[in-house]
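First up is the structure itself, then whatever we jot down about it.
The values are calculated or read from the model by the stated rules, or taken from the named source; none is laboratory data. Quick caveat, the model's predicted, so the values are computed rather than measured. Neighbour counts run over all protein chains shown; Cβ positions are idealised from the backbone, glycine included.
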Ligand code: NAD
């Protein structure tokens, strides 16, 4: 098997390679070639850790495996390592032998940024100029950096519950040579694209704070109970997701579906837009909303790409198991 350690990922993997891998696997999911296994997530009753597995199989890309890991709330304080920890394991689908072990921390950030970026590329208006951010934590920087590549944005606006964190995303806007403005949530009406990436358990963005024609990517809600936008916004929008089953159970759509504002059948797979079996945006006034819940196949696709890159440049460590 090949090992690609976490320390090597930054030199090997690019946001562009993550975009390609994620776009392709979303397409495979929509065409029925790839599927995710049920997610396991357990509070293990030790140091407050949440541990679990996300796995799947892509018959088209021949990628089989899982990401194992989770959240260790005391890591930073006690061990000076980040609280989110994960490792990806790939298996040979022909024999069942383990084929790779890959550090999953940076890859998780890149694959999550790639997902909203795929949605922007396929659903945002071509003339989008103002990029809006809700959230300014660790993941927000990745989401913004990837989003800015998708359109000729002229300005970034941002809101965060904790305004002292806004310099995180201001720095990314400046890196891209764009002006940044902190706004109240009402100010989001100016945005053509909005990405939300918070750990909130209640809606921040109201339905009337989004203008017609906007594309919204809700990326923070990946657990039952979390919520970033008002359910009425989903009723106003055409809703897309990575995986419908996750969207209605742990994604942003869980609330709108539970309240009967939309039905499971109203939610479209983003991969269908990539494949061309769904037309995507139908008018300049339509609000499109992507519910990015995060699926194991995104991790596996990015891990397979990084293993190929590491083997190509000779840095993959080969061991016999
Ligand atoms: P972080 O802890 O670095 O940042 C948290 C962000 O949420 C900050 O901007 C903070 O101000 C904001 N926030 C906290 N409480 C809030 C509240 N009550 N209302 C509004 N905003 C609030 O976390 P991160 O690494 O940036 O991750 C953000 C979220 O994204 C997490 O919930 C994480 O689980 C989720 N996530 C989702 C995926 C996916 O694939 N969908 C992948 C990675 C992370």
When the range 280-320 is checked residue by residue, the ones that are more than 16 Å from the ligand (Cβ to nearest atom), out of contact with any strand residue (DSSP E or B) (no Cβ under 6 Å at 6 or more places or on another chain) and farther than 24 Å from residue 207 by Cα are 305, 308, 309, 311, 312, 313, 314, 315, 319, 320
Residue 14: passes all of (1) touching a helix residue (DSSP H, G or I) at 6+ places or on another chain (Cβ under 7 Å); (2) closer than 27 Å to residue 313 by Cα but (1)
Restricting the range 191-215 to residues that are outside any loop (DSSP other than H, G, I, E, B) and under 13 Å from the mean Cα position of the chain (by Cα), the one surrounded by the fewest Cβ atoms within 10 Å (Cβ to Cβ) turns out to be 196
Exactly one of 132, 70 is under 20 Å from the mean Cα position of the chain (by Cα), more than 16 Å from residue 50 (Cβ to Cβ) and part of a strand (DSSP E or B), and that residue is 132
- Query: Quick check: is even one residue across the range 167-177 outside any helix (DSSP H, G or I), within 15 Å of residue 138 (Cβ to Cβ) and under 22 Å from the mean Cα position of the chain (by Cα)?
  - Reply: no
Practice problem: Within the range 80-100, identify whether any single residue is under 30 Å from residue 320 (Cα atoms), within 16 Å of the chain's Cα centre (by Cα) and not assigned by TED's automatic domain parsing to the domain that holds residue 219, and answer yes or no. | Solution: yes
For the range 135-165, the count of residues that are in a loop (DSSP other than H, G, I, E, B), within 14 Å of the ligand (Cβ to nearest atom) and more than 19 Å from the chain's Cα centre (by Cα) equals 2
| message | touching a strand residue (DSSP E or B) at 6+ places or on another chain (Cβ under 7 Å) and in contact (Cβ under 8 Å) with a residue 12 or more places away in the chain: is that true of residue 21 in this structure? | response | no
Here the residues within the range 198-239 that are near the ligand (Cβ under 9 Å from one of its atoms), under 23 Å from residue 273 (Cα atoms) and at pLDDT 95 or above are 218, 219, 220, 221
